[in-house]
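These notes are about the structure you will find just below.
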Amino acid sequence: MNGIHDMGGMHGFGAIPDIDGPEPFHHDWERHVFAMNVALGGLGLWNIDMTRAEMETTAPEDYLAPGGYFYRFLLRMERQALKYELASPEEISSGVVSQPPRSGLSAMKPEQIAVMAAKGSSSMRPTENEPRFKVGDRVRARRINPETHTRLPRYVRGCEGVITRVQGSHVYPDDSCHGDENPQWLYAVRFAGTEIWGKNAEAGLEVVIDAFEPYLDPA
Amino acid sequence: MTEDDHTGQDHDHDHSHLTETESRVRALESLLTEKGYIDPKTLETILQTYEEQIGPRNGAKVVARAWSDPSFMEWLLRDATAAIASMGYTGRQGEHIVALANTSRVHNVVVCTLCSCYPWPVLGLPPSWYKSSAYRARVVIEPRKVLAEFGLTLPDDMTIRVWDSTSEMRYIVVPMRPAGTDGWSAQDLEKLVIRDSMVGVRQALTPADASAARAAGKGVRHV
């Protein structure tokens with residue numbers, strides 16, 4: 001979606017903050033938010049594309065709120081708790097249990113963390129389809145404006161670039177957020193800065209994005 | 001600025017906002033714990049894993065080895081996932097890694113404009129600045145100005161290639177090996193490979209930088 005999260009190229013945000021830290025957390029509550037997010041993901045109710053899609057629906061004023069990155073994580077987890085029927089609105093606002101938990105779910109155990117961290121969760125999937133593009137092909141990013149989740153940032157739409165890597169066949173986020181993995185070929189596409197930003201682009205600028213095949217047409 | 005003032009808001013407002021957020025986090029955590037969805041011991045293990053065990057020292061070892069061993073460098077640039085896995089660094093938010101070698105002609109910088117994608121197995125959790133609106137918005141349009149804020153100025157005739165991590169591919173920059181390090185052990189080379197150099201916002205430390213930091217009694221910054 002053309003949401004507040006799609007920030008590439010925006011003006012007005014000022015100097016880079018926190019160059020000298022603290023990191024990665026400013027406050028203890030952020031640590032708890034981070035850990036809760038990982039643990040809740042382990043329930044297997046949602047995938048990363050659903051989580052990102054949900055984050056992108058954050059109201060702009062909340063997305064940019066002073067509480068920052070982990071504050072919006074908190075808001076998103078509260079929404080997910082409601083959406084996936086983990087708790088009622090009253091329970092979320094009071095912090096007090098008043099109804100039984102959703103059945104069939106079990107908390108991640110400490111001994112599962114090392115395995116989870118080391119194994120990860122690859123997005124690569126087999127496909128019968130051959131890749132449409134190869135390294136060196138000139139392509140144009142499509143002008144699409146989906147109202148739901150996509151990983152094609154606005155700043156490259158309509159721009160012409162060149163395929164520099166074929167990255168394999170991966171879960172396609174635009175459909176995976178709706179529960180359909182629909183694997184697509186993925187490509188690194190390099191754009192000249194002048195192509196994206198015009199003739200006054202910074203000297204020597206190139207931007208490379210990873211684009212799924214449905215984002216691209218031959219140029 | 002103190003930690004509490006990091007937002008630049010007036011102190012009282014920020015404190016009351018902070019207290020409210022803390023309460024909200026505690027309430028959610030206790031609710032989810034009581035309902036059996038999360039286990040506090042698991043939360044501790046998660047934090048220990050990502051605060052103490054997995055961090056940019058991993059990436060520094062990878063880079064130092066690549067600098068020391070041309071055949072490892074070749075493998076790293078050809079198949080970073082496998083080369084890095086051979087050193088024991090694998091997994092979450094780094095299942096598919098690409099290594100980007102800086103040269104005298106091309107300087108690479110990594111960002112995730114859409115969220116905060118970052119190669120956890122080699123660099124640990126991303127620093128706040130990487131996840132900030134300012135970095136996400138600005139580095140794809142004015143990287144030279146952004147790098148200048150980190151103290152790095154590059155010649156106009158260099159290419160600056162900004163990699164926006166829009167998929168599950170994760171990127172690590174291999175900074176150029178500093179001059180004056182011939183014959184250095186991988187262990188000593190590691191100390192020059194600061195975290196920021198593997199994102200691309202700074203170069204690796206020179207031997208002089210590293211000595212100066214030690215002389216000042218400082219740990220190496222931005223590791």
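Read the figures in this text as sums done on the coordinates, not as results from a lab. None of these values were measured; they are calculated from a predicted model. Here the Cβ positions follow ideal geometry from the backbone for every residue, glycine too, while neighbour counts run over all protein chains shown.
A cysteine counts as unpartnered when no other cysteine's C-beta lies under 4.7 Å of its own; in the protein assembly as shown this applies to A:Cys159, A:Cys177, B:Cys115.
A cut-off under 15 angstrom between Cβ atoms defines the neighbours of A:Glu85, and their net charge, with Lys, Arg +1 and Asp, Glu -1, is 0. For an R0 of 25 angstrom, estimate the FRET efficiency from the Cβ-Cβ distance between B:Met87 and A:Ser121 and round to the nearest 0.05. The formula returns an efficiency of 0.75 here.
Residues in the stretch B:79-96 carry Karplus couplings, in order, of 8, 4, 4, 5, 4, 5, 4, 5, 8, x, 9, 8, x, 3, 6, x, 5, 9 Hz; the curve used is 6.51 cos²θ - 1.76 cosθ + 1.60 with θ = phi - 60°, and Gly or Pro positions show x.
The distance linking the stretch A:61-86 with the stretch B:149-223 is 35 Å (Cα centroid to Cα centroid, whole angstrom). Within 10 Å of the Cβ of each residue in A:85-91, the mean number of Cβ atoms contributed by other protein chains is 2. The string of couplings for the stretch A:75-80 from the Karplus curve (6.51, -1.76, 1.60, θ = phi - 60°) is 4, 5, 5, 4, 5, 5 Hz, one whole number per residue in order, with x for Gly and Pro. Diffusion coefficient of the stretch A:89-219 by Stokes-Einstein, Kirkwood radius over Cα pairs, 37 °C, 0.692 mPa s: 183 µm²/s.
For the segment A:187-194, counting C-beta atoms of other chains within 10 Å of every residue's C-beta and taking the mean gives 3. Just so you know, the averaged projected area of the alpha carbon convex hull for the protein assembly as shown sits at 21.9 nm².
Altogether, the Stokes-Einstein calculation at 25 °C and 0.890 mPa s, with the Kirkwood radius of the stretch B:146-217 over Cα pairs as Rh, returns a diffusion coefficient of 176 µm²/s. Report note on the peptides B:168-175, A:129-136: ranked by the mean count of other C-beta atoms within 10 Å, highest first, their order is B:168-175, A:129-136. Straight-distance candidates among the lysines for linking to B:Lys191, with alpha-carbon spacing under 20 Å and chain neighbours fewer than 8 residues away dropped: B:Lys61, B:Lys218. Here the residues B:Thr90, A:Thr164, B:Thr166, ranked from fewest to most Cβ neighbours within 10 Å of their Cβ, fall in the order A:Thr164, B:Thr90, B:Thr166. Per-residue ellipticity at 222 nm computed for chain B from its helices equals -12500 deg cm²/dmol, with DSSP H segments shorter than 4 residues left out and the rest contributing -39,500 (n - 2.57). Volume of the convex hull of the stretch A:28-119 (Cα atoms only), normalised per residue: 125 Å³.
Counts of other chain beta carbons within 10 angstrom of each beta carbon in peptide A:139-151 average 1. Amide H contacts under 5 Å for B:Trp163: A:Val208, B:Val109, B:Val110, B:Val111, restricted to partners 5 or more places along the chain or on a different chain, H placed in the peptide plane at 1.01 Å from N.
Near B:Met73: Cβ cut-off under 11 Å, other residues only, Lys/Arg at +1 and Asp/Glu at -1. The net charge is +1. Averaging Cα coordinates gives a centre for the stretch A:12-54 and one for the stretch B:29-62; these two points are 12 Å apart. Report, in whole Å, the centroid distance computed from the Cα atoms of the stretch A:92-112 and the stretch A:199-219. Going from one Cα centre to the other spans 44 Å. Whole-percent P(r), the stretch B:55-215, all Cα pairs, 10 Å bins from 0: 11, 42, 37, 10, 0. Taking Rh as the Kirkwood radius computed over C-alpha pairs, what is the Stokes-Einstein D of chain A at 37 °C in a medium of viscosity 0.692 mPa s, expressed in µm² per second? For these conditions, the coefficient is 164 µm²/s.
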